[in-house]
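> Quick one: structure below, then a few questions.
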Amino acid sequence: MILNHRLMTRLGALVVAASALLLRGMPPEVNLRAQETRQAQMFSGAEKYERFMGRWSQRLAPRFLQFVAIKDGERVLDVGSGTGSLALAIAAQTRRSEVVGIDPSQAYVDFASKRSSDPRVKFQVGDAQNLDFPDASFNSCLALLVMNFIPDARKAMTEMRRVTKPGGWVAASVWDYNEGMTKLRLFWDAAVALDPSVKRFDERDMPFSRRGQLSALWNESGFKDVEETELVIDLEFVSFEDYWAPFLESQGPAGVYVASLTKGQREKLKDRLRNDVLAGRPDGPFTLKARAWAVRGRVPGNRLN
Ligand SMILES: C[S@@+](CC[C@H](N)C(=O)[O-])C[C@H]1O[C@@H](n2cnc3c(N)ncnc32)[C@H](O)[C@@H]1O
C-alpha cells in the first residue's frame, strides 16, 4: 500500500515535470490550462503545505501587513489565501475588518475555514483571473506569495483593480527566489550541482521575484503611489531533518521535483544539502534568512468609503 502510494506520487510528479517540458512552444491557452493543472497538484495537501512553506507565510504575513498599512474596519480581499495565514493575521490585527479569502484549491479553503471561527473571516474557492465579486466591493486587495503562480498575472491585476475601491491599496509580495529566499536557493543550487539538467525546474526565474519586477507590473497596470520594499524574516529550524523532511511532502515546485526522484537520487540530494546547509557546523538549531519583495499601489480615482 505504502509502496503503491509512493509509486503514484512519483508517477504524478514525473507527469508534472514532463508536461512542463512538453508544453514549451504550445499555444498560450494550452499552456495556461496546463499551468492550472500543475498548480492543482502542487497545492493540494494543506497540512503538508503548512509544514513546508505555510509556517513561513505566518511569519511573513504580519510584516506584509505593516507595509500595506490597512485600516481597521476595511473590507479586505485575500487573493490566493492558501491555508489562511494572511486572512487570519488581518483578523488578529483588527477589531472590525472583514476578510474574504479566495483560492482555487478546495483542500486549502477547507483547511483555512477550520482554522478560525471568527465570523469576520470567510474563505471560498475562486480564481484571481476571474473574481466573483462586484466592482469596488473591497477597500483593499492583497496577494501574499501568489502572483508568481497565477497563469495570467495581468488578467489578475485587472480583476484586483476592478474589485477594489478607488483610493484603496492593491498589494502583493513574492519571495526573492533568485537569491534571498535561502531555504529554496540552497535546495535548487544543490539539485542543479548534482544534475545540471535540473536547471529548467529551478525556481530562480519565477515571475515577479526580482527587485523592481512587482513595481513595474503595478505601474504598468495604472496604480498610483506605487512603492516597493523588501521584507526579510528569519526561518528557524531545529535540525537539518526539520529543514529536509518538508521537501518530501510533494508541495510546491521543489516538493514535486523531489517526488520525481528515485530513492538513490533523493539520498544524494539530501547528503549534498546536509553539507551545504550545515556548512561544517554540527547538526542542531540554525536560522536561514528569507527575503520577499512587496509592492503596494492605490487604485486611481476619487476615494470612496
Ligand atoms: C505559495 S501559496 C501561498 C498561499 C498563501 N497566500 C500563503 O501565503 O500561505 C500560493 C497559492 O496561490 C494559489 N493560486 C494559484 N493559482 C491561483 C489563481 N489563479 N488564483 C488565486 N490563487 C491561486 C494556490 O492555490 C496557493 O494556495
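> Given the conditions (1) over 12 Å from Val100 (Cβ atoms); (2) out of contact with any Asp or Glu (no Cβ under 6 Å at 6 or more places or on another chain); (3) more than 9 Å from the ligand (Cβ to nearest atom), report the number of the one that Arg162 does not fulfil.
(2)
> Give, as residue ranges, the helices (runs of 4 or more DSSP H) completely inside region 231-305 that count at least 1 residues that are loosely packed, with under 13 Cβ neighbours inside 10 Å and over 22 Å from the mean Cα position of the chain (by Cα).
The helices (runs of 4 or more DSSP H) meeting that bar are 240-244, 263-278.
> Among the listed residues Val99, Val163, which satisfies the condition of being surrounded by 24 or more Cβ atoms within 10 Å (Cβ to Cβ) and touching a Leu at 6+ places or on another chain (Cβ under 9 Å)?
Of Val99, Val163, the one residue that is surrounded by 24 or more Cβ atoms within 10 Å (Cβ to Cβ) and touching a Leu at 6+ places or on another chain (Cβ under 9 Å) is Val99.
> Determine which single condition Gln66 fails, assuming it passes every other condition in (1) farther than 30 Å from Ala245 by Cβ; (2) within 13 Å of the ligand (Cβ to nearest atom); (3) not in a loop (DSSP other than H, G, I, E, B).
Result: Gln66 passes all but (2).
> Now a separate question. Restricting to region 205-230, what's the tally of residues that are surrounded by 13 or more Cβ atoms within 10 Å (Cβ to Cβ), assigned to a loop (DSSP other than H, G, I, E, B) and under 19 Å from the mean Cα position of the chain (by Cα)?
Residues that pass the stated criteria total 6.
> Residues that are surrounded by fewer than 22 Cβ atoms within 10 Å (Cβ to Cβ) and among the small types (Gly, Ala, Ser): does region 127-135 have at least one?
Within region 127-135 (the criterion being surrounded by fewer than 22 Cβ atoms within 10 Å (Cβ to Cβ) and among the small types (Gly, Ala, Ser)), the answer is no, since none of the residues qualifies.
> State which residue pairs qualify: first residue touching a residue at least 60 places away in the same chain (Cβ under 8 Å) and over 15 Å from Arg296 (Cα atoms) and inside region 142-154, second residue outside any loop (DSSP other than H, G, I, E, B) and of a type in the set (Gly, Ala, Ser) in any location, beta carbons under 9 Å apart, and separation of 6 or more residues or different chains.
Short answer, once both residue conditions are applied: Ile150/Ala143; Ile150/Ala156; Pro151/Ala34.
Every read-out reported here was derived from the displayed coordinates using simple, explicitly stated rules and does not represent laboratory data. Treat the numbers as computed from the prediction; the structure is a model and nothing was measured. Note: ideal-geometry Cβ built from the backbone for every residue, glycine included; neighbour counts use all protein chains shown.
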